[in-house]
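S.K.: Please read through the structure below; I'll follow up with questions.
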Amino acid sequence: MRTEPQPPLELSDRVGFDFGAPDAQARLDALDDAELDQLDFGVIRMSPEARVVGYNHYESRAAGLGKDRVLGRHFFTEVAPCTNNYLVSGRFDDAALDETLPYVFTLRMRPTPVKLRLLKQPGAPYQYVLVLRGGS
């Protein structure tokens, strides 16, 4: 029996999470890798030392980097050195961080405008860089 393809589920139907969610840090910490892969924006989950421990499908596809090339690597120096500056990596020196800013990725691709959301909370197991393509 053949079934007709179904339209993709809206993000709210899948994991109920969007880029600007006010409780993003706690909600991201609770998601597993399969749930991160359902999000329609990039998610880079890092250890407190900025080693990549999670990298969702959206970001992998958009950046052209497979998970095998980024997991375990230092995000700011090995994966995305174009973010190793006071505007992005320098902000993670703060104890707590939830900031959204326009940015332009320049490494391995033509200049790509994005909106970044930087998340870090004291005592949390992870910190994050969220990437919304086309952001300004």
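S.K.: Could you look through the range 116-136, keep only residues that are touching a residue at least 60 places away in the same chain (Cβ under 8 Å) and polar (S, T, N, Q), and pick out the one that is farthest from Val43 (Cα to Cα)?
M.R.: Gln121
S.K.: Any idea which residue in the range 62-75 is nearest to Gln127 (Cα to Cα), counting only those that are over 13 Å from the mean Cα position of the chain (by Cα) and outside any loop (DSSP other than H, G, I, E, B)?
M.R.: His74
S.K.: Let me ask something else. Going by the structure shown, is Leu71 over 14 Å from Phe19 (Cβ atoms), exposed (fewer than 15 other Cβ atoms within 10 Å of the Cβ), aliphatic (A, V, I, L, M) and modelled with pLDDT of 95 or more?
M.R.: Spelling it out, Leu71 is indeed over 14 Å from Phe19 (Cβ atoms), exposed (fewer than 15 other Cβ atoms within 10 Å of the Cβ), aliphatic (A, V, I, L, M) and modelled with pLDDT of 95 or more.
S.K.: Tell me, please, whether a residue that is touching a helix residue (DSSP H, G or I) at 6+ places or on another chain (Cβ under 9 Å) and of a type in the set (Asp, Glu) can be found in the range 98-116.
M.R.: yes
S.K.: If you take the residues of the range 81-117 that are in a helix (DSSP H, G or I) and over 16 Å from the mean Cα position of the chain (by Cα), which of them is surrounded by the fewest Cβ atoms within 10 Å (Cβ to Cβ)?
M.R.: So the residue we want is Asp93.
S.K.: May I pose another question? Being touching a helix residue (DSSP H, G or I) at 6+ places or on another chain (Cβ under 9 Å) and either among the small types (Gly, Ala, Ser) or surrounded by fewer than 16 Cβ atoms within 10 Å (Cβ to Cβ) (or both): is that true of Ala62 here?
M.R.: For Ala62, the condition - touching a helix residue (DSSP H, G or I) at 6+ places or on another chain (Cβ under 9 Å) and either among the small types (Gly, Ala, Ser) or surrounded by fewer than 16 Cβ atoms within 10 Å (Cβ to Cβ) (or both) - is not met.
S.K.: Separate question: When only residues in the range 38-52 that are over 11 Å from the mean Cα position of the chain (by Cα) and at pLDDT 95 or above count, which is surrounded by the fewest Cβ atoms within 10 Å (Cβ to Cβ)?
M.R.: Glu49
S.K.: Take Glu78 and tell me if it is over 24 Å from Pro122 (Cα atoms) and modelled with pLDDT under 90.
M.R.: Judged against the criteria, Glu78 is not a match.
S.K.: On the given criteria, is Glu99 among the acidic types (Asp, Glu) and under 19 Å from Ala21 (Cβ atoms)?
M.R.: So Glu99 passes the test.
S.K.: Right, something else. I'd like to know if the range 95-105 contains one or more residues that are of a type in the set (D, E, K, R), at pLDDT 90 or above and closer than 16 Å to Val131 by Cα.
M.R.: So far as the range 95-105 goes, yes, one or more of its residues are of a type in the set (D, E, K, R), at pLDDT 90 or above and closer than 16 Å to Val131 by Cα.
The values are calculated or read from the model by the stated rules, or taken from the named source; none is laboratory data. Just so it is clear, the structure is predicted and the values come from calculations on it, not from any experiment. Positions of Cβ are backbone-derived with ideal geometry, glycine not excepted, and every protein chain shown enters the neighbour counts.
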